[in-house]
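All remarks here apply to the structure that follows.
The values are calculated or read from the model by the stated rules, or taken from the named source; none is laboratory data. Since the structure is predicted, the reported quantities are computational estimates derived from the model, not experimental observations. Methodologically, a virtual Cβ is constructed for each residue, glycine included, from the backbone with ideal geometry; neighbour enumeration extends over all protein chains shown. Please note that ligands, DNA and RNA were not included when accessible areas were found on the heavy atoms of the full protein model with its side chains. Shrake-Rupley method; radii C 1.70, N 1.55, O 1.52, S 1.80 Å.
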Amino acid sequence: MKSKRYFWQPELSLAIIYWSITFIILFYGLIVTLENTGPFLKGNLIIGLFFVFAAIGVHRYLTINEKGLTIHYSLVWRKQFLPISHIDVILDRKDGIIIKQKGLGDYQLSMSKKQRQRFLQAAKAQFPQLKIKEENVKISHD
């Protein structure tokens, strides 16, 4: 069975910087392309570069398997497996979740409200022993 993907973004400031640079590449490519009336290789390559960066930007996701959580980053080869025994608590906040580990650090993942609710329901169903606390503050509050 294919595992469900729950998409996330890094903290707000990093996400804004990344997507701003990505769309600057798009607009620059459009400007270069529109300066010529015929097909122009340089403009098409720059727009192609935008699509590469956009694909990399949406590749961040989280999966739940039988032994824990796997966090997939933008780089295809970078994954982080979190065994359920290392997770202390998951904090449900207004704009995402924070996964606190036992003595190993935290993961702050920004998620949309629907993605966050689906993830938390699936996590509760898969791991009933997992502690999930709801807090009415934003991730950047700490």
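Annotations for the structure displayed:
- Among the residues making up segment 55-91, those that are under 11 Å from the mean Cα position of the chain (by Cα) and among the small types (G, A, S) are G57, S74.
For (1) over 30 Å from T33 (Cβ atoms); (2) touching a helix residue (DSSP H, G or I) at 6+ places or on another chain (Cβ under 6 Å); (3) open to solvent by less than 70 Å² (accessible area, probe 1.4 Å), each residue gets a yes or a no:
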site	(1), (2), (3)
G48	no, no, yes
R60	no, no, yes
H72	yes, no, yes
R78	yes, no, no
P83	yes, no, yes
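- Set side by side, the residues I56, I87 differ, and just one is crowded, with 18+ Cβ neighbours inside 10 Å and either modelled with pLDDT of 85 or more or in contact with a helix residue (DSSP H, G or I) (Cβ under 7 Å, 6 or more places away or on another chain) (or both), which is I87.
- Candidates N65, N44 - the one that is of a type in the set (S, T, N, Q) and within 20 Å of T22 (Cα to Cα): N44
- Close pairs from segment 1-30: first closer than 14 Å to A55 by Cα, partner surrounded by 13 or more Cβ atoms within 10 Å (Cβ to Cβ) and of a type in the set (D, E, K, R), Cβ under 6 Å, at least 6 apart: W8/R60
- Within segment 6-43, the residues that satisfy the criterion of being open to solvent by 80 Å² or more (accessible area, probe 1.4 Å), closer than 24 Å to H59 by Cα and at pLDDT 85 or above are F7, I16, I17, I21, F23, I24, F27, Y28.
- Within segment 70-93, residues that are assigned to a helix (DSSP H, G or I) sit with their Cβ atoms under 8 Å from residues that are open to solvent by 70 Å² or more (accessible area, probe 1.4 Å), at 6+ positions apart or across chains, in these pairs: I84/K67; I84/Q129; H86/K102; H86/L104.
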